[in-house]
Amino acid sequence: MNIEDTRDISNINSIGGRLRSARENLGLTQKNIADRLCLKISIIRDIEEDNLPTSLASTFLRGYIRSYARLVQVPEDELQSMMTKQTLMKDTQVAIMKSYSLGKNRNKKDNILMICTWFILLLLISVTVIWWWQNSTNDQNNLELINNQHTQVKIDTH
């Protein structure tokens with residue numbers, strides 16, 4: 001028994017080693033597995049080397065391992081026992097998200113911006129109303145002038 005045989009036996013006791021040996025027994029490459037599972041080859045390689053990425057959520061990682069196991073026909077209960085033995089899968093820390101809801105605290109800049117927006121809106125509405133009022137009074141004056149001219153023309157002709 002040489003060093004490589006010892007390494008192979010210890011690898012079979014790990015998730016990655018078990019999956020690798022099952023893949024090799026089926027004559028598949030890492031690329032075949034990655035293509036069938038729609039994953040990157042680097043993820044398959046990391047799983048086989050038991051170098052599980054910490055940036056990947058453990059839920060996804062467990063799903064990838066299950067899919068890989070189904071593909072290479074490794075019983076799921078065998079992997080479950082290995083997963084509990086290996087404490088490599090740690091949940092990643094989830095950062096607290098900022099709230100962008102309506103209940104957020106408004107800062108001074110937001111208030112100034114809202115006041116300016118309302119002022120511009122009111123200014124536009126008032127200018128429109130004044131323009132409409134001037135046009136309507138202008139139209140009324142023009143009608144009166146035309147009416148007066150028309151009546152004067154009638155008076156002059158009689």
In sequence order, what are the phi-derived ³J(HN,Hα) couplings for the stretch 118-131 according to the Karplus relation 6.51 cos²θ - 1.76 cosθ + 1.60 with θ = phi - 60°, rounded to whole Hz, with x for glycine and proline? 5, 4, 5, 4, 5, 4, 5, 5, 5, 5, 5, 5, 4, 4
Expressed in nanometres to one decimal, the distance between label points 7 Å along Cα→Cβ at N13 and M114 is 6.5
Please report the net charge: other residues with Cβ closer than 13 Å to the Cβ of E76, K and R +1, D and E -1. +2
At 1.4 Å probe size, with no ligands or nucleic acids counted, give the accessible surface of L56 in Å², nearest ten. 40
For R62 and N107, what is the calculated FRET efficiency with R₀ set at 41 Å and r taken between the beta-carbons, to the nearest 0.05? 0.45
Taking 7 Å along the Cα-to-C-beta vector as the label spot, tell me the L28-N141 distance in nanometres, rounded to one decimal. 8.9
So L121 and R45, fully extended at 0.36 nm per residue minus their Cα-Cα distance, gain in nm 21.3 nm
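The values are calculated or read from the model by the stated rules, or taken from the named source; none is laboratory data. Just so it is clear, the structure is predicted and the values come from calculations on it, not from any experiment. Glycine also receives a Cβ, built like all others from the backbone with ideal geometry; neighbour counts cover every protein chain displayed. To get the accessible areas, we keep the full protein, side chains included, count just its heavy atoms, and leave off ligands, DNA and RNA. Shrake-Rupley method; radii C 1.70, N 1.55, O 1.52, S 1.80 Å.
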